[in-house]
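The values are calculated or read from the model by the stated rules, or taken from the named source; none is laboratory data. Predicted, not measured: the structure shown is a model, and the values here were computed from it. Cβ placement follows ideal geometry from the backbone for every residue including glycine, while neighbour counts extend to all protein chains displayed. These accessible areas exclude ligands, DNA and RNA; they are computed on the full protein's heavy atoms, side chains included. Shrake-Rupley method; radii C 1.70, N 1.55, O 1.52, S 1.80 Å.
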Amino acid sequence: MSVPAELTADALYRRSDPKAFDFKTTADIEDDLEIVGQPRAVESVRFAVGMTHEGYNIFALGPPGTGRQFIIEHFLNEEAANRPVPSDLCYVSNFKEPNKPKLLQLPKGIANELKNDMSELVEEILTMLPAAFESEEYQARLHSTQQDFKEQHEHKLEGLQEDAKAKGYSMLQTPAGVVFAPLKDGEVVSQEAFQELAAEEQDRLEKEVEDLQQALQAILRRVPRMERELRGRLRELQKEITEFSVGHLIDELREKYAALPPILSHLDAVQDDLIHHARDFIQPRDPQTGVAPSQDGTMVVRRYGVNVLVDHTDTEGAPVVYEDHPVHENLVGRIEHESQMGTLVTDFNLIKPGAIHRANGGFLIMDARRVLMQPYAWEGLKRTLKSRQIRIESPGQALGMVSTVSLEPEPAPLDIKVVLIGDRTLYYLLCQHDPDFGGLFKVAADFDDRLDRSEENENLYARLIAGLIRKDALRPFESGAVARAIEHSARLVGDSERLSGHIGTLGDLLRECDYWAKISGKDTVSDVEVDKAIDAQVRRVDRIRERLQEEVLRETVSIDTAGTHVGQVNGLAVLQMGDFAFGKASRITARIRLGKGEVLDIEREVELSGPIHSKGVLILSGYLGARYAAERPLSLSATLVFEQSYSGVDGDSASSTELYALLSAISGVEIKQSLAVTGSVNQYGQVQAIGGANHKIEGFFDLCQARGLTGDQGVLIPRSNVKHLMLRRDVVEAVAAGQFHIYPVETIDEGIELLTEVEAGTADEAGKFSPESINGRVERRLKELSEVQIAFNKSQGEPDSQTKDGR
């Protein structure tokens, strides 16, 4: 088998050609911000925006920084511009049921206009109505009405008095009330004189007095009815004066709003209420302030005012609202209270709108995680979407926990499209655990964090960069700087054929490049500033990487980069520290002895490995048994360990490395320590792709460079990872100079030949390997162990394993 050729420098880094761009600097690009590489998400958003049926709200899922909010707002604003402006919303008093304010839905700008008109109306009423009730005409008619009542009452009494006098009786006013007394010679008969009268005469007089008393009672019984009649006449008088004083003002408003029935209905209610409460305007005035008690606290203004919740005077198209603090009250609105004399009171003027009110008729955007973190906000949002009504109530009312009488504003009809922005995990959890979620958010806009690196996309990416530069008012980028930023974007996703869709990270890089250009006193940004910004980003966070490498150089941590050893290989791993990742070399060793075909993972035994790593180790047993001991027992016990590992290990990227160590330990052939290995392996010995190839190669390169490059050092990677390579410039230069090597391998046989410089060996027609090859030596050693096992079993009087297996 021939050893695979090492990769050339051209295969390690895919460059972007500045000459391929049609601009010298980004200042030459006039286009707006481009949406790059999100066709699936864009299609989903367009579909949801166009759907008018219920439930087609959007959940935009994907990693943060992929431009989810920007793209969503872009399309929503585009759609909103073509939609009609929704109605203004305002609350007015419900005079019949004050705790149930009425909602008015009015055309654009009318709500504020009505509010101003009602304020002016109240001001006019406060002036004109008291004046009308204090006028001479009203006072004269009031006096006349009251005098009529008094005269009628007095006339009845006078008639009774004349009748009594004609019968010889006098009507007297006493502390006990009105009484009748008999007269004799024009004088009231005394009690003594009455007692001297004959009994028949006394009975006659008493009966006549009783008749007169009954007549008096009949007159007095008519007084309440007469008073009611008087009050009715006074009300009619008040109504007449009120209509005469302010009726024309209300009629003017009726004429102005003749095309709006809700306002006409409200004006009718206002007029009726004014008539019934006219007495509030004619209360005695304070001698010092000259103001009636009902007027000094703006009670009348509040009663007849208009509480505008949503005003679209300055709105063009449908609203697009982003709510960054989606607590329950900020979503569905709230009812505030005022303290008056130690008591909390409220009215319709204290109703405050929520984000759903402001976005009604348009679009509402929110962060899904923030909504779910706020108590009752998620349930309130779902209830509103399902009922298609915006019902303003406190969480306590919604949950039935509060029985206090409060306002119950008329619900507002809902016509809205809600967009939630969140990560994929949150989306799938909601799908799994919330039965209402799927019916309310039927459209998933899945944003990718990477896009194909085609010539077309590179040009679009350049325009995206230009848009971000213009948006943040940065210095123009030269074409070379744009090309360097595109290359770095590919490196961020660890793939030479892809570009990062993480707009947030790209924007940070552009701003930092602008900073370095400012420090250098340049008017434009070149590739030099891009390199400075990238190096500075690494420098700020690579302290731990330096300390780990320092411990290797000081030989506190044992990693060899020269010489050979049996059963010892340099494995490579990636450490992630926040947003910073770097490669780290680890010594992996293997030891073997007579056993029962077990490959023991020490990391797993001490619970320092994850399930994926443990799976990779178990694959090794399958590979060894199937390839070298298919017809005999695998009488081997092997141990594998990451030396000086004090934390968890997971992933299967070291499984090929562990297999190389095992083959070396079994065959006794030494492995070159100048090479490091990464790659997973399957049961057929095929080397498979792994993640973090760039960081792993650079991690071993940094160690070798610190010790001094010898020209023998290098890294074995899976061939399927070659397309992912976007290595640092110094690594590429070292490979070009022959000081460092990168070998792509497809099989374990290719890798073991590179590591040992001994032929791996190919099985002949009989299935046998060359005795001096690696595979031949492994096969021979395993056969020897099997024979030793059989002999040992016989010496102990036990049947050999072949007998047990029935072979």
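Before moving on, here are some points about what is shown:
- Of the residues making up the stretch 9-35, those that are closer than 30 Å to residue 719 by Cα and either open to solvent by less than 20 Å² (accessible area, probe 1.4 Å) or of a type in the set (Lys, Arg) (or both) are 12, 14, 15, 16.
- Filter result (open to solvent by 80 Å² or more (accessible area, probe 1.4 Å) and free of Cβ contacts under 8 Å to residues at least 12 places away in the same chain) within the stretch 225-234: 225, 228, 231
- The one condition in (1) open to solvent by less than 40 Å² (accessible area, probe 1.4 Å); (2) out of contact with any Phe, Trp or Tyr (no Cβ under 8 Å at 6 or more places or on another chain); (3) in a loop (DSSP other than H, G, I, E, B) that residue 771 fails to fulfil: (1)
- Residues located in the stretch 351-376, provided they are in contact (Cβ under 8 Å) with a residue 24 or more places away in the chain and hydrophobic (A, V, I, L, M, F, W, C): 351, 355, 356, 359, 363, 364, 365, 366, 368, 371, 372
- Beta carbons closer than 9 Å, at least 6 apart along the sequence or on distinct chains, pair a first residue in the stretch 135-147 that is under 17 Å from residue 245 (Cα atoms) with a second that is among the small types (Gly, Ala, Ser) and modelled with pLDDT under 75 for 138/132.
- Where residue 62 falls short, out of the listed (1) farther than 25 Å from residue 504 by Cα; (2) open to solvent by less than 70 Å² (accessible area, probe 1.4 Å); (3) in contact with an Asp or Glu (Cβ under 7 Å, 6 or more places away or on another chain): (1)
- Taking each residue of the stretch 235-256 that is over 30 Å from residue 107 (Cβ atoms) and looking for partners that are surrounded by 16 or more Cβ atoms within 10 Å (Cβ to Cβ) and modelled with pLDDT of 85 or more with beta-carbon atoms closer than 9 Å, six or more apart or interchain, yields 242/271.
- Screening 551, 546 for residues that are within 17 Å of residue 643 (Cβ to Cβ) and outside any loop (DSSP other than H, G, I, E, B) leaves exactly one candidate, 551.
- The number of residues in the stretch 362-392 being among the aromatic types (Phe, Trp, Tyr) and closer than 16 Å to residue 56 by Cβ comes to 1.
- Residues of the stretch 663-677 satisfying the condition of being touching a Phe, Trp or Tyr at 6+ places or on another chain (Cβ under 9 Å) and either on the phi > 0 side of the Ramachandran plot or surrounded by 24 or more Cβ atoms within 10 Å (Cβ to Cβ) (or both): 666, 671, 676, 677
- Verdict on residue 249 being open to solvent by less than 40 Å² (accessible area, probe 1.4 Å), under 30 Å from residue 278 (Cα atoms), in contact with a helix residue (DSSP H, G or I) (Cβ under 7 Å, 6 or more places away or on another chain) and not hydroxyl-bearing (Ser, Thr, Tyr): yes
- Those residues of the stretch 747-758 which are touching a Gly at 6+ places or on another chain (Cβ under 9 Å) and outside any helix (DSSP H, G or I), in sequence order: 747
- Look at (1) surrounded by 13 or more Cβ atoms within 10 Å (Cβ to Cβ); (2) closer than 25 Å to residue 102 by Cα and you find that residue 259 fails only one, number (1).
- Residue ID - nearest to residue 38 (Cα to Cα), chosen from residues in the stretch 424-473 that are acidic (Asp, Glu), surrounded by 14 or more Cβ atoms within 10 Å (Cβ to Cβ) and in contact (Cβ under 8 Å) with a residue 24 or more places away in the chain: 448
- The number of residues in the stretch 352-376 that are closer than 21 Å to residue 310 by Cα, touching a helix residue (DSSP H, G or I) at 6+ places or on another chain (Cβ under 9 Å) and in a helix (DSSP H, G or I) comes to 3.
- Residue that is modelled with pLDDT of 95 or more, among the β-branched types (Val, Ile, Thr) and under 27 Å from the mean Cα position of the chain (by Cα), where the choices are 335, 365, 351: 365
Let's see how each residue does on (1) assigned to a strand (DSSP E or B); (2) surrounded by 15 or more Cβ atoms within 10 Å (Cβ to Cβ); (3) among the acidic types (Asp, Glu):
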| site | (1), (2), (3) |
| --- | --- |
| 161 | no, yes, no |
| 164 | no, yes, no |
| 172 | yes, no, no |
| 180 | yes, yes, no |
| 204 | no, no, no |
| 210 | no, no, yes |
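- Filter result for residue 508 (surrounded by fewer than 17 Cβ atoms within 10 Å (Cβ to Cβ), under 30 Å from residue 391 (Cβ atoms) and not polar (S, T, N, Q)): no
- You will find that of 589, 556, the residue that is within 20 Å of residue 657 (Cα to Cα) and either among the β-branched types (Val, Ile, Thr) or modelled with pLDDT of 90 or more (or both) is 589 and no other.
- Extreme residue, least open to solvent (accessible area, probe 1.4 Å), among residues of the stretch 756-768 that are of a type in the set (A, V, I, L, M) and under 19 Å from residue 567 (Cβ atoms): 760
- Restricted to the stretch 5-40, and to residues there that are β-branched (Val, Ile, Thr) and closer than 20 Å to residue 481 by Cα, the residue that is modelled with the lowest pLDDT is 36.
- Answer from 332, 327, 345 - the residue that is surrounded by fewer than 21 Cβ atoms within 10 Å (Cβ to Cβ), closer than 19 Å to residue 395 by Cα and in contact with an Asp or Glu (Cβ under 8 Å, 6 or more places away or on another chain): 345
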